Structure formats: C-alpha cells, structure tokens
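Q: Please see the structure below; I have some questions.
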Amino acid sequence: MSRIATILVLVPLLSAAAPATRAGTLTLTYQGAAFTGHPFFPGAEVYDPAPLSGAIVLDTAITGGYTGGTISIDTTFMTTPAEIYAMGILSWSYSVPVLPTVETHARFTFSAAGALTDWYVSALDGPPDYLSTPAGDEIIVGDAYYTADPGSWTVSYVPLPGALWLALGGLAALGALRAGRAAVPG
C-alpha cells in the first residue's frame with residue numbers, strides 16, 4: 001500500500017513539473033487588402049492578383065514559444081515536407097509559398113502578451129515575387145508591380161493540455177506498479 005501512496009503523491013508533483021515550454025500550436029491567419037496595379041511601362045500586361053490570405057500553423061515546442069520573442073523561418077533550398085516540419089511548420093496555406101524555387105523568409109515578432117507586433121514575409125524568386133510587412137503587401141508579376149494596404153493577422157494559440165501530462169504520469173505509475181508486481185516472487 002505504501003507504493004501506491006507514493007505514486008499517488010508523485011504523479012501530481014510530476015504533472016505540476018511538466019515542461020513549461022508553452023508546447024502547443026500557434027495559428028497565424030492573414031487577411032490582406034485588395035491590390036492596385038502599377039505597370040512598369042505603358043501597355044504592360046495587367047494581372048489581377050487576389051489579396052494575400054491564409055494561415056500558418058506552427059509547433060511552439062519546436063519554435064521555442066512565441067510570447068515576447070520572434071519566430072524566424074528560412075526555407076532556403078528546402079525541398080521536403082520533413083525539412084519544413086523540422087522548423088516547426090505544421091501547415092502553410094498562406095498565399096506566399098513556403099517552398100518556392102529558391103527561398104521564403106518569414107519573421108514574426110510578438111509582445112509579452114502574445115500579440116503580433118511586426119512581421120516580414122517574402123518569397124523573392126518569382127515571378128511572382130511576394131512581400132508582406134506592416135507597411136503593406138507587394139507582388140511583382142511580369143511587367144507590373146502591385147501594392148496593397150497592410151492586412152491583419154489573427155493569432156490563436158492552443159496549448160498542449162496539462163491533462164496530457166497528468167495522463168502520461170498516471171500511465172507511468174501504472175507501468176511502475178505492474179513492474180513492481182512482476183518482480184515480487186509469488
């Protein structure tokens with residue numbers, strides 16, 4: 001009975017000491033404004049790009065959290081989903097491609113409260129070339145340059161539940177009890 005009492009005391013303590021890395025998923029959703037075209041010369045082909053939009057989902061255990069810090073993404077010469085996942089990108093449905101021919105760069109800066117305060121996203125190996133910052137969005141396609149007012153980001157964070165750590169601790173305790181019973185001759 002003392003073994004069970006010890007385990008009942010240790011499981012909540014281990015659960016409370018679970019990693020505080022803010023493990024979870026961070027979803028950044030962007031909705032851009034409409035573009036206005038600027039041909040490089042008269043008679044240039046006119047293109048009508050859709051506003052930048054979409055979502056980026058990141059694993060904060062890999063990116064190192066996000067509050068009060070900056071998450072940087074550089075996909076220079078990456079070609080596989082495994083390489084992208086190793087950077088903490090769980091999904092990328094944002095208009096700016098994550099795996100262009102050469103590179104995509106992204107930087108997101110957050111306040112201590114978790115609000116997005118600054119961003120820079122570029123894929124400059126086109127055409128088209130993309131750039132999105134708090135100053136606005138830009139696309140260069142063929143013979144025209146398009147600009148848009150800055151869009152807005154929505155930030156949502158879903159932490160890894162504390163109950164998961166408690167459940168894992170409970171499973172470890174059951175495993176220890178079972179191993180202890182197997183070791184007792186009888």
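The values are calculated or read from the model by the stated rules, or taken from the named source; none is laboratory data. Remember, it's a predicted structure, so these values are computed and weren't measured experimentally. Here the Cβ is made from the backbone with ideal geometry for all residues, glycine too, and neighbour counts use every protein chain on show.
Q: What pairs come out if I take residues in segment 90-103 that are surrounded by fewer than 20 Cβ atoms within 10 Å (Cβ to Cβ) and of a type in the set (S, T, N, Q) and pair them with residues that are in a loop (DSSP other than H, G, I, E, B) and modelled with pLDDT under 85 whose C-beta lies under 8 Å away, six or more apart or interchain?
A: THR101/ASP125
Q: Which one of these does SER122 not meet: (1) out of contact with any strand residue (DSSP E or B) (no Cβ under 6 Å at 6 or more places or on another chain); (2) assigned to a strand (DSSP E or B)?
A: Condition not satisfied by SER122: (1).
Let's see how each residue does on (1) closer than 17 Å to TRP153 by Cα; (2) in contact with a Phe, Trp or Tyr (Cβ under 8 Å, 6 or more places away or on another chain); (3) loosely packed, with under 12 Cβ neighbours inside 10 Å; (4) modelled with pLDDT under 90:
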{"position": "THR21", "(1), (2), (3), (4)": "no, no, no, yes"}
{"position": "THR25", "(1), (2), (3), (4)": "yes, yes, no, no"}
{"position": "PHE35", "(1), (2), (3), (4)": "no, yes, no, no"}
{"position": "PHE40", "(1), (2), (3), (4)": "no, yes, yes, yes"}
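Q: Does segment 157-177 include one or more residues that are touching a strand residue (DSSP E or B) at 6+ places or on another chain (Cβ under 9 Å), surrounded by fewer than 14 Cβ atoms within 10 Å (Cβ to Cβ), modelled with pLDDT of 90 or more and hydroxyl-bearing (Ser, Thr, Tyr)?
A: no
So that you can scan it fast, the table gives a plain yes or no per residue for (1) on the phi > 0 side of the Ramachandran plot; (2) more than 11 Å from the chain's Cα centre (by Cα):
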{"site": "GLU45", "(1), (2)": "no, yes"}
{"site": "PRO49", "(1), (2)": "no, yes"}
{"site": "THR60", "(1), (2)": "no, no"}
{"site": "ILE73", "(1), (2)": "no, no"}
{"site": "THR76", "(1), (2)": "no, yes"}
{"site": "THR80", "(1), (2)": "no, yes"}
{"site": "GLY88", "(1), (2)": "yes, no"}
{"site": "TYR94", "(1), (2)": "no, yes"}
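Q: Okay, moving on. Name every residue in segment 85-103 that is at pLDDT 85 or above and farther than 13 Å from ILE56 by Cα, in order of residue number.
A: Within segment 85-103, ALA86 is the sole residue that qualifies.
Q: Give SER111, SER132 a once-over and let me know the one that is polar (S, T, N, Q), closer than 14 Å to PRO51 by Cα and either at pLDDT 90 or above or in contact with an Asp or Glu (Cβ under 7 Å, 6 or more places away or on another chain) (or both).
A: Result of the check over SER111, SER132: SER132.
Q: Could you give every pair whose Cβ atoms fall below 6 Å, whose first residue belongs to segment 123-134 and is within 18 Å of GLN31 (Cα to Cα), and whose second residue is assigned to a loop (DSSP other than H, G, I, E, B) and of a type outside the set (D, E, K, R), counting only separations of at least 6 or pairs across chains?
A: Sorted first by the residue in segment 123-134, then by its partner, the pairs are ALA123/VAL96; ALA123/PRO97; ALA123/PRO100; ALA123/THR104; TYR130/VAL96; SER132/LEU52; PRO134/PRO150.
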